[in-house]
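The values are calculated or read from the model by the stated rules, or taken from the named source; none is laboratory data. Values in this document were obtained by computation on a predicted structure and should not be read as measured data. Cβ sites come from the backbone with ideal geometry, for glycine too, and all protein chains shown count toward neighbours. These accessible areas exclude ligands, DNA and RNA; they are computed on the full protein's heavy atoms, side chains included. Shrake-Rupley method; radii C 1.70, N 1.55, O 1.52, S 1.80 Å.
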There are 2 protein chains.
Amino acid sequence: MLHVAEAARVSVATVSALINGTATVSPELSQRIEQAIRDIGYKRNAIARSLKMGTTRTIGLTVPHITNPFFTDVVSVIQQAFDRAGYAVMLCCTDEDLNTQDDQIRLLLDRMVDGLIVARVGDGAILKRIVDDAKVPVVLLDRVCEGVDTDTVVLDNQRAVFDAISYLIDLGHRRIGYISGSFDISPMHDRMTGYREALQAAGLPVENELVRFGNFHEVDGYNATMQLLSLHDRPSAIFSANNPMVIGTMKAIRDIGLSCPEDISVACFDDFPWSDVFQPQLTTVAQPVKAIGEQAANLLLDRLAGNRDAPPRKLALKGRLMIRNSCRPLGAPLGAIAQSVSA
Amino acid sequence: MLHVAEAARVSVATVSALINGTATVSPELSQRIEQAIRDIGYKRNAIARSLKMGTTRTIGLTVPHITNPFFTDVVSVIQQAFDRAGYAVMLCCTDEDLNTQDDQIRLLLDRMVDGLIVARVGDGAILKRIVDDAKVPVVLLDRVCEGVDTDTVVLDNQRAVFDAISYLIDLGHRRIGYISGSFDISPMHDRMTGYREALQAAGLPVENELVRFGNFHEVDGYNATMQLLSLHDRPSAIFSANNPMVIGTMKAIRDIGLSCPEDISVACFDDFPWSDVFQPQLTTVAQPVKAIGEQAANLLLDRLAGNRDAPPRKLALKGRLMIRNSCRPLGAPLGAIAQSVSA
DNA sequence: TGACATGATCGAAACGTTTAGATTAGCGTT
DNA sequence: AACGCTAATCTAAACGTTTCGATCATGTCA
């Protein structure tokens with residue numbers, strides 16, 4: 001900018017005024033300055049600007065795994081929203097690890113991001129400290145966190161799983177295996193509650209042997225399913241509370257020589273692009289990914305636009321049960337599956 | 001830092017020296033400074049540091065669509081690699097649009113990223129200008145670009161498609177439909193060449209009516225497949241040069257009342273996590289995603305470590321044909337598919 | 001004892017912006 | 001002719017670091 005100013009024989013203040021439109025500058029000088037900018041190929045240094053202005057027009061986004069299709073879509077939507085608003089997005093993947101997440105949020109705050117969207121943070125106390133220390137707005141995604149009072153957008157997980165399990169019960173299933181993710185994040189808590197309540201509402205017992213835990217990965221789903229299938233009285237249906245794990249479930253079913261839905265019904269959380277392309281077409285709980293991402297982005301953009309003091313806003317969106325053909329009515333002949341799908 | 005210096009009754013220079021270890025500071029002062037840092041909760045401002053140092057420890061990464069499973073994986077691997085190295089990653093999605101990509105690269109350069117990994121840039125001239133203007137190292141991914149001399153990691157696309165098409169020919173297919181992405185990026189060019197050469201090597205004609213173009217999206221694959229299937233003499237196999245488009249292909253086959261592989265064989269580019277879970281299990285060309293991402297990251301990290309003047313390095317990795325059961329031997333009875341899979 | 005090397009510490013400039021406040025020029029009023 | 005008003009422009013101080021060169025005390029050696 002100094003060089004531009006010299007070349008145009010004006011002060012840097014005038015150059016700045018022209019570039020930012022913060023003051024009127026005469027047509028004559030404007031022209032000289034614009035010419036100089038072109039000649040020199042000047043580009044404003046955003047770092048210096050950030051230092052002075054105290055704002056980077058960059059936000060931080062952390063997700064556990066970008067390869068989980070739910071987060072892939074959420075990241076995509078959020079990235080687009082902020083791109084439109086002229087913000088850059090720094091992406092971090094926490095690998096479901098709390099320490100990693102801590103480090104990464106620190107990394108982002110060091111770089112003075114203007115705001116933070118964090119998905120699936122683990123511990124309330126740590127998060128609270130972060131939110132308080134950082135003077136930037138934070139929106140929580142996919143997880144509520146007691147004691148942390150900030151904008152939040154989550155799914156009504158309990159209700160969603162309740163509906164899914166109730167659907168299985170309606171089909172006649174009585175022993176329904178449930179594969180949960182680790183319990184230290186609220187969605188897994190709520191989903192489990194939904195499972196329990198659906199069973200109880202139908203007067204069915206909640207049996208511990210039918211509940212397994214995994215760490216969100218395919219291999220965990222595989223192992224959990226193997227255990228469920230080798231039970232003395234094995235379940236007739238399995239619900240996986242997380243999408244990557246259901247891949248393991250399907251592989252385990254195949255490896256053990258069973259097939260879905262003939263021998264065992266399967267449903268899971270989170271829809272994915274191929275769900276209605278191949279066989280069996282998985283029955284899933286679809287999250288309104290686009291809405292979730294956009295709401296989160298809007299909440300943060302609103303704060304960034306200056307609305308700092310509004311009370312925390314908590315959004316809970318509804319999931320939708322996508323009924324396909326991976327669950328069969330129990331007791332009914334196999335041919336009845338087609339009808340149950342159109343129901 | 002100023003406050004820390006005052007609290008510890010030393011100069012800012014000494015604080016800086018201690019933090020960075022750039023000079024020895026006496027145990028006594030060290031202790032006072034560290035105490036002050038704790039008391040105040042001081043965190044070094046990375047923006048001010050970047051301004052002074054001319055380096056942000058941040059890189060820019062642009063991909064067309066993060067929802068394309070190939071790019072999802074690549075982004076994941078690259079993010080991890082840079083995270084390990086203490087770099088932040090700014091992610092941009094270009095939506096296959098050259099102007100968008102241009103804007104985003106500018107956005108990233110404005111923010112003084114230390115390096116750039118760009119996947120699928122369109123035009124050689126524009127890219128060349130960008131690479132030259134930006135004084136930062138650039139790694140090209142998934143695309144070669146004539147006239148732009150910089151580090152590159154790509155797949156041997158031509159060979160990969162050649163192998164896939166040859167496989168179909170070996171199965172007895174003679175009319176093989178081909179769905180390409182837009183032609184303005186080199187992989188699509190090379191893949192098409194692979195298609196052509198495989199046909200020619202087998203003495204088969206290259207028929208224009210069997211070749212369709214789409215813009216990488218599911219809907220494009222759907223439309224292209226509809227056209228192919230309504231040809232007077234319809235193909236017995238379809239190869240899709242891009243992964244999202246193959247979803248459209250499968251849906252079109254279903255909607256038209258045919259089934260795969262009984263009526264029509266299907267193969268495509270890019271593997272995905274569910275490919276061997278559901279039926280039909282798609283035969284795909286798997287890119288070594290992990291290697292591609294890691295190589296790209298390593299090339300850039302090497303440049304960032306100071307190796308600026310080494311000549312441009314061009315890596316071409318090999319794809320792998322994952323033979324499953326979505327392609328059937330032509331003329332053979334249906335039961336023969338199983339054998340062909342194990343072949 | 002004086003000169004000098006050594007090691008610790010500091011002062012101040014620089015990185016490239018923004019912006020408050022000062023200065024100047026032009027012009028209409030009285 | 002003196003005054004005030006407005007619009008255009010400039011000067012200079014910040015933003016929070018790093019770093020060069022200067023300063024100063026201390027100890028060593030001739």
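What the table shows:
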item	result
Residue list for region B:263-282, filter: more than 12 Å from chain A (Cβ to nearest Cβ) and among the polar types (S, T, N, Q)	B:265
Count of residues meeting criterion [at the interface with chain A (Cβ under 8 Å from one of its Cβ atoms) and away from DNA strand C (no atom under 12 Å from the Cβ)] in region B:17-68	9
Subset of region A:263-313 that is of a type in the set (S, T, N, Q) and within 20 Å of residue A:74 (Cα to Cα) - its residue that is nearest to the chain's Cα centre (by Cα)	A:287
When residues of region A:245-282 are limited to those that are modelled with pLDDT of 95 or more and touching a Leu at 6+ places or on another chain (Cβ under 6 Å), the one surrounded by the fewest Cβ atoms within 10 Å (Cβ to Cβ)	A:256
First in region A:39-51 and in contact (Cβ under 8 Å) with a residue 24 or more places away in the chain, second anywhere and away from DNA strand D (no atom under 11 Å from the Cβ) and open to solvent by 80 Å² or more (accessible area, probe 1.4 Å), Cβ under 8 Å, 6 or more apart	A:40/A:3; A:42/A:3; A:50/A:57
Pairs where the first residue, in region B:233-256, is farther than 19 Å from residue B:188 by Cβ and at the interface with chain A (Cβ under 10 Å from one of its Cβ atoms) and the second is open to solvent by less than 10 Å² (accessible area, probe 1.4 Å) and assigned to a helix (DSSP H, G or I), C-beta under 7 Å, 6+ apart	B:253/B:225
Matching residues, region A:155-180, being of a type in the set (Val, Ile, Thr) and either more than 21 Å from the chain's Cα centre (by Cα) or in the same structural domain as residue A:138 (by TED's automatic domain parsing) (or both)	A:165, A:169, A:176
Condition broken by residue A:147, with the remaining ones in (1) open to solvent by 20 Å² or more (accessible area, probe 1.4 Å); (2) within 14 Å of chain B (Cβ to nearest Cβ) satisfied	(2)
Yes/no for residue B:143 being assigned to a helix (DSSP H, G or I), without any contact (Cβ under 8 Å) to a residue 60 or more places away in the chain, basic (Lys, Arg) and not assigned by TED's automatic domain parsing to the domain that holds residue B:184	no
Positions within region A:175-217 being buried (at least 20 other Cβ atoms within 10 Å of the Cβ) and assigned to a helix (DSSP H, G or I), in sequence order	A:186, A:187, A:188, A:190, A:191, A:192, A:194, A:195, A:198, A:199, A:210
Residues of region A:283-324 classified as within 14 Å of chain B (Cβ to nearest Cβ), open to solvent by 30 Å² or more (accessible area, probe 1.4 Å) and under 30 Å from residue A:175 (Cβ atoms), total	0
Complete set of residues in region B:21-56 that are over 33 Å from the mean Cα position of the chain (by Cα) and among the hydroxyl-bearing types (Ser, Thr, Tyr)	B:22, B:24, B:26, B:30, B:42
The listed residue being within 16 Å of DNA strand D (Cβ to nearest atom) and among the β-branched types (Val, Ile, Thr), out of B:59, B:19	B:19
Every residue from region B:87-138 that is away from chain A (no Cβ under 13 Å) and touching a Ser or Thr at 6+ places or on another chain (Cβ under 7 Å)	B:118, B:119, B:131, B:138
